[in-house]
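Structure first, commentary second.
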């Protein structure tokens with residue numbers, strides 16, 4: 001056999017092919033035949049030393065998926081926006097963003113002279129109520145015994161019920177401000193009120209400083225409980241009928257990690273947004289992964305709707321180069337070496353370590369491929385030497 005030239009092996013990609021491969025460089029000399037310039041010769045010694053592997057096509061179940069995206073979020077009951085029921089000046093703000101709080105813990109103290117006025121009005125109403133109730137009962141007895149006129153009775157009834165409504169209204173206002181009405185009736189009048197946390201969680205936003213005046217419409221701070229974060233996804237109308245509760249979700253956070261995480265569909269929206277033609281999907285995240293995320297993260301998602309069997313190769317067998325994908329086909333084998341040829345393939349989905357080969361029917365059923373260890377990239381003067 002006559003060899004006319006030798007080509008330098010540029011790189012050997014070990015274990016992984018396209019994205020997360022670790023590379024191992026070596027200085028092997030590969031030769032090509034004059035009769036077939038696309039053939040790569042690999043000695044058995046090189047094959048063993050590099051711990052390479054050869055495999056055939058395998059029929060594997062691949063997931064049928066709906067692709068979408070969305071956000072990491074929390075349920076509405078796990079998010080609380082804190083505001084005041086009455087205006088006032090911020091007297092004390094002991095918390096910072098990130099502080100953990102418990103349900104019922106004091107968040108902020110408000111001060112306002114109007115609080116004193118409200119308590120005085122309540123005391124006056126309570127005193128009047130006692131008198132008006134007695135008068136109303138007296139007039140009722142006298143009216144029943146025809147001693148007094150109906151007009152006097154109705155007037156006493158109206159004054160009593162009107163004051164009762166005012167009393168109950170003032171009492172409710174004090175309770176909403178966390179002022180104890182019973183304590184007020186005992187003579188304990190305060191000018192400051194505390195606002196307490198309605199949920200367990202962490203402070204995520206603080207909108208005020210000490211001395212700030214807040215009205216009832218103003219936000220004071222925001223608290224979020226991230227114990228039950230979930231996936232909030234948008235799915236196009238055309239895909240909606242394929243989805244149902246319990247289907248597996250595979251998702252990634254492209255800005256933070258290349259890892260694939262798992263979850264499941266929990267709720268499928270029943271209405272379509274007329275502007276975007278999408279519906280909302282609520283997904284639960286596997287408990288072991290929940291602590292990895294924070295709200296607001298953007299996620300790319302595949303929802304598994306079924307499976308189909310396809311011919312596949314281990315994903316390490318495929319190398320992407322110049323936006324095309326190649327495998328090394330074993331053309332011949334003898335006692336000393338393998339003869340390999342690089343062939344372009346069309347790839348499909350990746351699932352559990354295997355990649356579907358869409359043009360697998362172009363190969364023989366018993367075709368063998370280099371699937372682990374080395375994918376040889378040869379470069380000749382003036383262009384590459386790939387067979388298509």
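Results, tabulated for the structure shown:
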| quantity | calculated |
| --- | --- |
| Relative contact order [Cα under 8 Å, 6+ residues apart], the chain, whole percent | 28 |
| FRET efficiency, residue 227 to residue 86 (Cβ-Cβ, R0 30 Å, nearest 0.05) | 0.40 |
| Separation of the residue 172 and residue 352 label points, Cα + 7 Å toward Cβ, nm | 6.0 |
| In degrees, nearest ten, helix 113-144 long axis to first principal axis of the chain (Cα) | 50 |
| Separation of alpha-carbon centers, segment 148-223 and segment 293-364, rounded to whole Å | 68 |
| Span per principal axis, largest first, for the Cα atoms of segment 78-224 (Å) | 71, 30, 25 |
| Relative frequency of Cα-Cα separations exceeding 32 Å in the chain, percent | 63 |
| On Cα atoms only, tilt of 150-176 relative to the major axis of the chain in degrees | 40 |
| Mean Cα-pair separation over length for segment 78-224, i.e. relative contact order, pairs under 8 Å, 6 or more apart, % | 49 |
| Ranked 282, 41, 228, criterion: other C-beta atoms within 10 Å, fewest first | 228, 282, 41 |
| Pairwise FRET efficiency - residue 219 versus residue 276, Cβ, R0 = 35 Å, nearest 0.05 | 0.80 |
| Extension gain, residue 320 back to residue 165 (0.36 nm per residue minus Cα-Cα distance, nm) | 48.0 nm |
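Every number in this text was worked out from the coordinates using simple rules, so none of it is lab data. Fair warning: this is a prediction, and the values are worked out from it, not measured in the lab. Reconstructed Cβ throughout: ideal geometry from the backbone, glycine too, with neighbour counts over all protein chains shown.
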